[in-house]
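First comes the structure, then the notes that go with it.
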Amino acid sequence: MPPLAVSAGYVLLIALWGSTWAAIKVGVEAVPPFVFAFERAVAVSIILVGLSLAMRHPFPRDRRVIVSAIVVGIFNSGSSWAIIFWSEQYVPSGLVSVFGASAPIWTALLAHFLIRGDRLSAMKVLGLLLGLAGIGVLVGAPDPGGRPEALTASVLLALMPVTWSIGSILQARELRHGSPLPLVAIGTCAGSLFLLPFAAAQAGQAARWDLSTALAFGYLVFLGSCVGLVLQMWLTRRLRPTTMTLAQVVIPAQALLIGALALGETITWRMVAGAALVVVAVALNAVAGGGSRSEPAPVASPAD
């Protein structure tokens, strides 16, 4: 049984990342999405770099580790934040989280080729097929209502977890040592640079900062990112991959519930059916993937 601190951290991570999707929705309704994502990444980078220096946590010097941290950051807080923040203009926040929940399924597939000893089993293949079926249902779940952006967003969200899976494997293979603070800081700095041209393209659009927007931004920066990203990396070094994977069963359910209760988002039967298929797929992957701790830990939604 994990120590109390690990168990508490695991519960905290689920609670934080199940609620960030609604905060993103609040933010992009007032601020251009790429600008909001870029400002979040910059704020997180400044805080984590400052904390790393103040606490004298050394930055890595190994080129391979630095490059890995940069690639993970571009995937987890660069391209994924661009897709998520833009998509939440057209897709309910809870549904966006369900798309992200398919990351462990892709991780299981990629790990078969990239991680020694982490082979596909019949149960994992079944989970992969169910997950693909669920994604297919979810891609058709939003009602475009004459707006093609909803379908485009769904396709991008379906592809996004593949990059998360690559980042997860890189993190497990190359970033298992050293303080999480500077490693995450390098990643968010890289994510900021990735988001810069997208934000610059929206710089002239109107932004409406009010109390709710500021609170959503602060929540995403301090709790969703500074706490969540560092805590996630810390947990992947202490928990079995299957345990980390099971968080994906809880996070989308929480996000769907918050979206419905707090934001008035509609939950359709098609969304429920697609989400159920993804959840079953993740659970099958978790049951089948009880290998050693050296296996990649499929992360909970890193973009949160």
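The values are calculated or read from the model by the stated rules, or taken from the named source; none is laboratory data. Owing to the predicted nature of the structure, the values given are computational and were not obtained by experimental measurement. FYI the Cβ positions are ideal-geometry reconstructions off the backbone, even for glycines, and counts take in every protein chain you see. Surface areas here come from the heavy atoms of the whole protein model, side chains and all, with no ligands, DNA or RNA. Shrake-Rupley method; radii C 1.70, N 1.55, O 1.52, S 1.80 Å.
Springs between Cα atoms under 10 Å define the GNM used for the chain, and in it the highest mean-square fluctuation of V278, V28, V250 occurs at V250. With a cut-off of 10 Å between beta carbons, the residues surrounding I258 carry a summed charge of 0, where Lys and Arg count +1 and Asp and Glu -1.
Largest accessible area first, the listed residues C226, C189 line up as C189, C226 when surface is computed with a 1.4 Å probe on the assembled protein chains. Within the full protein context, the accessible area of T266 is estimated at about 100 Å² for a probe radius of 1.4 Å.
Rounded to the nearest 0.05, the FRET efficiency derived from the C-beta distance between A273 and R56 at R0 = 41 Å is 0.20.
Can you pull the percent of the chain's accessible area that's carbon plus sulfur, 1.4 Å probe, other chains left in place? Heavy-atom surface of the chain belonging to carbon and sulfur, 1.4 Å probe: 71 percent. Ranking R64, R238 by solvent-accessible area of protein heavy atoms (1.4 Å probe, all protein chains present), from largest to smallest, gives R64, R238.
Excluding ligands, DNA and RNA, the accessible surface per residue across the chain is 42 Å² with a 1.4 Å probe. Ordering M233, M55 by accessible surface, largest first, gives M55, M233; the 1.4 Å probe counts only protein heavy atoms, with every chain in place.
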